[in-house]
Amino acid sequence: MFNKTGFRTAGLKHLPLKKALDGIVQAGFQTVEFCLEHPGASAAAIELARRMGLRISSVSYHGKRDDPLTRMEQGKRAIRMAAECSIPVAVLGSPVPGGEGFSREAAELYDLCCRLGVKPAWETEPGTVLNGIDEFNMYIASLGPGAGINLDAGHLHLQGRCTIEDIGSLGNRIFHLHVEGMKRPEHRHLIPGMGDMDWGHLFRGLSQA
């Protein structure tokens, strides 16, 4: 799992996509997550990344402050792009509280993934409908056995849930992984190794999942 360290294109959305991909390669990353938040995301851009020697781990869309219609359209776009480009996973997020219709959105996106053979991995994030593991179990795990999680270690750490037991309990629901440093209580993504996360708990939990 950890020999294919990657980078998300959303972190470089201020750059033209080719320049962003060049930087990812030059930094030594082997894998990239294509984020629809980058305006250059497309099937053609994915093929360009592959020609540059990059592995594509997922297509993702979070859009936590987007309106429900945009969220549905962009979620479907991410899933269809993943299917078209033979990418196994679509990483999805949830809206901030107050956004209506998330249960219907999740169910419809899950059905589309099942039809197209894409594995949906919903990310939990404090301050969104999928605030943590409990909400993941409530909204997502109940959809069916093919509904998984994008395990964001820093987000779990903020809630005291980056533990051997909590991570291990997710088992084969873990379809994708985000790793960053984090120091509670501030929700600020740091370089891995910075902050106060217990990395031993993370790795041991993953080994038991």
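Restricting to the range 57-87, what's the tally of residues that are more than 18 Å from Glu108 (Cβ to Cβ), under 15 Å from the mean Cα position of the chain (by Cα) and free of Cβ contacts under 8 Å to residues at least 60 places away in the same chain?
Total satisfying the criteria: 1.
Exactly one condition in (1) in contact with a Gly (Cβ under 9 Å, 6 or more places away or on another chain); (2) over 17 Å from Arg173 (Cβ atoms) is false for Trp122; which is it?
Of the numbered conditions (1) in contact with a Gly (Cβ under 9 Å, 6 or more places away or on another chain); (2) over 17 Å from Arg173 (Cβ atoms), the odd one out for Trp122 is (2).
Return the residue satisfying two criteria in turn: it lies in the range 190-207 and is among the small types (Gly, Ala, Ser) and outside any strand (DSSP E or B), and of such residues it is surrounded by the most Cβ atoms within 10 Å (Cβ to Cβ).
Gly205
Here is a yes/no grid of residues against (1) assigned to a loop (DSSP other than H, G, I, E, B); (2) out of contact with any strand residue (DSSP E or B) (no Cβ under 8 Å at 6 or more places or on another chain):
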| residue | (1), (2) |
| --- | --- |
| Ala90 | no, no |
| Ala107 | no, yes |
| Cys114 | no, yes |
| Thr128 | yes, yes |
| Gly146 | yes, no |
| Gly154 | no, no |
| His176 | no, no |
| Arg188 | no, no |
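For the range 169-188, give me each residue that is touching a Gly at 6+ places or on another chain (Cβ under 6 Å), of a type outside the set (A, V, I, L, M) and surrounded by 16 or more Cβ atoms within 10 Å (Cβ to Cβ).
Of everything in the range 169-188, those that are touching a Gly at 6+ places or on another chain (Cβ under 6 Å), of a type outside the set (A, V, I, L, M) and surrounded by 16 or more Cβ atoms within 10 Å (Cβ to Cβ) turn out to be Arg173, Phe175, Glu180, Gly181.
In the range 143-180, how many residues are free of Cβ contacts under 8 Å to residues at least 40 places away in the same chain and of a type in the set (Phe, Trp, Tyr)?
0
Among the candidates Ser86, Ser58, single out the residue that is surrounded by fewer than 16 Cβ atoms within 10 Å (Cβ to Cβ) and among the hydroxyl-bearing types (Ser, Thr, Tyr).
Checking each option against the conditions leaves just Ser86.
Among (1) at pLDDT 95 or above; (2) small (Gly, Ala, Ser); (3) on the phi < 0 side of the Ramachandran plot, which single condition is Ser207 missing?
The failed condition is (1).
Being at pLDDT 95 or above and part of a loop (DSSP other than H, G, I, E, B) is the requirement here; does Pro120 meet it?
No.
Give the residue, chosen from Leu15, Leu36, that is more than 17 Å from the chain's Cα centre (by Cα) and either exposed (fewer than 15 other Cβ atoms within 10 Å of the Cβ) or not β-branched (Val, Ile, Thr) (or both).
The conditions single out Leu15.
State which residue is surrounded by the most Cβ atoms within 10 Å (Cβ to Cβ) when the search covers only the range 66-83 and only residues that are farther than 29 Å from Ala27 by Cβ and out of contact with any helix residue (DSSP H, G or I) (no Cβ under 8 Å at 6 or more places or on another chain).
Taking the candidates together, the pick is Glu73.
The values are calculated or read from the model by the stated rules, or taken from the named source; none is laboratory data. Nothing here was measured: the structure is a model prediction, and the numbers come from that model. Heads up, the Cβs are rebuilt from the backbone with ideal geometry, glycines too, and the neighbour counts pull from every protein chain shown.
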